[in-house]
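Taking it in order: structure first as structure tokens, then the write-up.
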Amino acid sequence: AVFFQGPEELPKNAKYDFIIAGGGTGGAAVAGRLAQNRKWKVLIIEAGPSNLNVFATRVPGLRSQLKSTIVDWNYTSIAEPGLNGRAMGYSRGRMLGGCSSHNTMVYTRGSKDDWNMRAEITGDRDLTWDRMLPLLKKAEKLVQDSENQREQNHIDPSVLGHNGPLAVTAPYSSHPMNDLFLQATKELGDQFPFVPDMNSGRPIGISWTQSTIDNKGERSSSATAYVENMSGDNLHVLLNTYVTRVLPIGKGKKAEFRGVEFALNAQSPKLQLEAKREVIVAGGVIGTPQILMNSGIGKRDELEALGIKTLVDNPSVGKNFTDQPSSTVMFNTTIQNTDIDMTAALAEWNATRTGPMSRAGEINMIGWLRLPDDSPALTQFADPSPGKDAPHIEMFFKTISTQGVVLPPGSPNVTALQFSHTNLHPVSRGSVTLNSSDPFAPPKIDLGLLTEDVDLAILREGIRNARKLFAAPVFANSVFGTVSPASNITSDEDLNAYLRGAVVPIMHGASTAMMSPRGASWGVVDPDFRVKGTTGLRVVDASIFPTMPSGHTQASIYGFAERASELIADSCK
Ligand SMILES: Cc1cc2nc3c(=O)[nH]c(=O)nc-3n(C[C@H](O)[C@H](O)[C@H](O)COP(=O)(O)OP(=O)(O)OC[C@H]3O[C@@H](n4cnc5c(N)ncnc54)[C@H](O)[C@@H]3O)c2cc1C
């Protein structure tokens, strides 16, 4: 690819077939695929810098150092009514690769039911698990970890793709917790069976974690996979440049939005370019609705109240914001801690690309819980999961440490097994709306978390079931009661109070430009990713998700990006 550090460097009279607004996970993936046709000139316009000079994006173990830096948008939500009025920090990557350049790298395709439900909601049979599988595999490249450890029984090699650009592996440490979990799967096999490969379509139980890390112990992102690895000089990347609007060209019946307006910053002049074929908006769950609304595509009365002329009246833009509510649960434990000597670990990574810095964590197992049918959450409320192959809760085991444990003053130090405990299929919805007609002004973000009682009920049952998991015989002498929530917090009322004070968004925001059937009176894009009521304009990122996956979001985005790339290429034949 050819990089430009700002609009002044862009060649005069440059002409592009496709312009991608936002070079994040979806945007860089679709750009890289389109640019494989060397006859097409493709331009990415990305608000942030290149990933290439950001050291911490390369080192898996340094990922948490990227949050709240200049390569993060550092959004803040409103005071959330469901979270005791707490305003939440909301991290989004602001560099080439977007969130895939700074996320935790967990790679989860979700369950078969997720994709089948997406097909049902959108009326597009091509989104079923069976039909999406070849596209997911097209993105993936199963690699051995950088320590060349045997992956037998950690990954089923027949499940993942082998020839795609995105490296996926299951690196592991020698921490004793991994074996303890395997023993627990034998003792509690009914509810927590061992899952040989969590990406095989039914992630229910305990499995080895798969990560987007390559064989050299470095992060694999949409930037490294699709821009660095595969592109030629027909892919141009305009960095540090903010897309303010997409613009209609001509005066057809359906507005042809092939124009893009952009600027270095709020003080600099706005420039325009016209794509010969299409504009693809990929600004992510917040950036995409913001760009659409600034362009006059949104709910008429909301836009007009800000003085923005409505070009396409679509009340769904920015609505349906969905994220998975999560709280850190902690169990008191005497198992060996996972603390590492950062300096030594970094020296090891620099020398040999091995050790703790080459992994996303020291505990390498992940837990997926499907609540039993007679669980109070499912007898009181309609089951929000897409089907019996889908878990309700994810337990992402993070650390065993005294660090991060917050107890009342004067309490003795406690070493805690800490994990994020996440409701994968929330029913609560939030929104992204504009605060002003200034395209640079951060939008108003309402996460909407825990505004529906069923979401609390699922989390409560998740905690109760986690307590059952750690009551397995194998943990009898090493894992004791929960310290967060405290062991005496057991009633619905007490758990609700705890959760409202503890839940945070897991940062998997989606669905603010949701895909719906062609002709539907709701939704923002058709199943071919085209923005309803327009031509020449598509959206490819997490904002189009019809539903959340039973897991993390990046794999779904790569799958959608692969599909969009094929549809776009087909429509240009
Ligand atoms: C801290 C964190 C940890 C996570 N961990 C995981 C994980 O382990 N596994 C997983 O699967 N998912 C994880 N996720 C979620 C996942 O990474 C995201 O859902 C996904 O990468 C989002 O992809 P996207 O294409 O929708 O948007 P993004 O990747 O956010 O891309 C949007 C891009 O558009 C750019 N942009 C926005 N507005 C403009 C504008 N006006 N002009 C120009 N450019 C613009 C942004 O800078 C960005 O590069 C995590 C997310 C976070 C924040």
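The values are calculated or read from the model by the stated rules, or taken from the named source; none is laboratory data. All of these numbers come straight from a predicted model, not from anything done at the bench. Here the Cβ positions follow ideal geometry from the backbone for every residue, glycine too, while neighbour counts run over all protein chains shown. Side chains included, ligands, DNA and RNA excluded: accessible areas come from the protein's heavy atoms. Shrake-Rupley method; radii C 1.70, N 1.55, O 1.52, S 1.80 Å.
Do any residues in the range 215-240 that are aromatic (Phe, Trp, Tyr) have Cβ atoms under 9 Å from those of residues that are modelled with pLDDT under 95, where the two are at least six apart or on different chains, and which pairs are they?
From residues that are aromatic (Phe, Trp, Tyr), there are no pairs.
Looking only at strands (runs of 3 or more DSSP E) that fall completely inside the range 309-402, which ones have 3 or more residues that are aliphatic (A, V, I, L, M) and farther than 30 Å from Lys251 by Cβ? Show your work before the answer.
Numbers: elements: 325-333, 365-369, 393-401.
Here the list reads 365-369, 393-401.
Test Thr334 against the stated conditions and say whether it is within 16 Å of the ligand (Cβ to nearest atom), surrounded by fewer than 21 Cβ atoms within 10 Å (Cβ to Cβ) and of a type in the set (Val, Ile, Thr). Lay out the reasoning, then the answer.
Numbers: within 16 Å of the ligand (Cβ to nearest atom): no; surrounded by fewer than 21 Cβ atoms within 10 Å (Cβ to Cβ): yes; of a type in the set (Val, Ile, Thr): yes.
It is false that Thr334 is within 16 Å of the ligand (Cβ to nearest atom), surrounded by fewer than 21 Cβ atoms within 10 Å (Cβ to Cβ) and of a type in the set (Val, Ile, Thr).
Considering Val54, Val42, which residue is more than 14 Å from the ligand (Cβ to nearest atom), β-branched (Val, Ile, Thr) and open to solvent by less than 70 Å² (accessible area, probe 1.4 Å)? Spell out how you get there, then give the answer.
On the way: Val54 fails: more than 14 Å from the ligand (Cβ to nearest atom).
Result of the check over Val54, Val42: Val42.
How do the strands (runs of 3 or more DSSP E) wholly within the range 198-259 filter down when requiring 1 or more residues that are of a type in the set (A, V, I, L, M) and farther than 30 Å from Gly387 by Cβ: which remain? First the steps, then the outcome.
Values: elements: 205-208, 235-238, 242-249.
So the answer is 235-238, 242-249.
Within the range 342-349, identify whether any single residue is more than 30 Å from Pro546 (Cα to Cα) and surrounded by 20 or more Cβ atoms within 10 Å (Cβ to Cβ), and answer yes or no. Show your work before the answer.
In the first step, residues of the range 342-349 are kept if they are more than 30 Å from Pro546 (Cα to Cα); the result is 342-349.
Those still in the list that are surrounded by 20 or more Cβ atoms within 10 Å (Cβ to Cβ) too: 349.
Within the range 342-349, one or more residues are more than 30 Å from Pro546 (Cα to Cα) and surrounded by 20 or more Cβ atoms within 10 Å (Cβ to Cβ).
If you check Glu187, Glu147, which single one turns out to be more than 30 Å from Tyr226 (Cβ to Cβ), touching a residue at least 40 places away in the same chain (Cβ under 8 Å), of a type in the set (D, E, K, R) and open to solvent by 60 Å² or more (accessible area, probe 1.4 Å)? Even if it seems obvious, please write down each step before you answer.
Working: Glu147 fails: more than 30 Å from Tyr226 (Cβ to Cβ).
One residue alone meets the criteria, Glu187.
What are the residues in the range 169-197 that are within 16 Å of the ligand (Cβ to nearest atom) and in a loop (DSSP other than H, G, I, E, B), if any?
Start the filter on the range 169-197 by keeping residues that are within 16 Å of the ligand (Cβ to nearest atom), which leaves 169-171.
Ala170, Pro171, listed by residue number.
Whether any residue in the range 464-478 is over 19 Å from Glu187 (Cα atoms) and of a type in the set (D, E, K, R) is what I want to check. Spell out how you get there, then give the answer.
We begin by selecting, within the range 464-478, every residue over 19 Å from Glu187 (Cα atoms); these are none.
Checking the range 464-478: not a single residue is over 19 Å from Glu187 (Cα atoms) and of a type in the set (D, E, K, R).
For every residue, the table says whether it meets (1) within 16 Å of the ligand (Cβ to nearest atom); (2) free of Cβ contacts under 8 Å to residues at least 24 places away in the same chain; (3) touching a strand residue (DSSP E or B) at 6+ places or on another chain (Cβ under 8 Å); (4) more than 24 Å from Ala377 (Cβ to Cβ).
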residue	(1), (2), (3), (4)
Ala486	no, yes, no, no
Asn496	no, no, no, no
Pro517	no, no, no, yes
Thr535	no, no, yes, yes
Val539	yes, no, yes, yes
Thr553	yes, no, yes, no
Tyr558	yes, no, yes, yes
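Among the residues of the range 220-250, write down those that are open to solvent by 10 Å² or more (accessible area, probe 1.4 Å), within 24 Å of Arg353 (Cβ to Cβ) and not acidic (Asp, Glu).
Matches in the range 220-250: Thr224, Asn229, Met230.
Would you please list the contacts, defined by Cβ atoms under 8 Å and residues six or more apart or on different chains, that run from a residue in the range 163-174 that is more than 14 Å from Ala139 (Cβ to Cβ) to a residue that is open to solvent by less than 10 Å² (accessible area, probe 1.4 Å) and among the charged types (D, E, K, R)?
Thr169/Asp145; Ala170/Asp145; Pro171/Asp145; Tyr172/Asp145
So that you can scan it fast, the table gives a plain yes or no per residue for (1) in contact with a strand residue (DSSP E or B) (Cβ under 6 Å, 6 or more places away or on another chain); (2) of a type outside the set (A, V, I, L, M); (3) crowded, with 22+ Cβ neighbours inside 10 Å:
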{"site": "Val427", "(1), (2), (3)": "no, no, no"}
{"site": "Ala441", "(1), (2), (3)": "no, no, no"}
{"site": "Gly448", "(1), (2), (3)": "yes, yes, yes"}
{"site": "Ala476", "(1), (2), (3)": "no, no, no"}
{"site": "Phe480", "(1), (2), (3)": "yes, yes, no"}
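Which one of these does Gly22 not meet: (1) at pLDDT below 95; (2) at positive phi?
Only one criterion in (1) at pLDDT below 95; (2) at positive phi is unmet by Gly22, namely (1).
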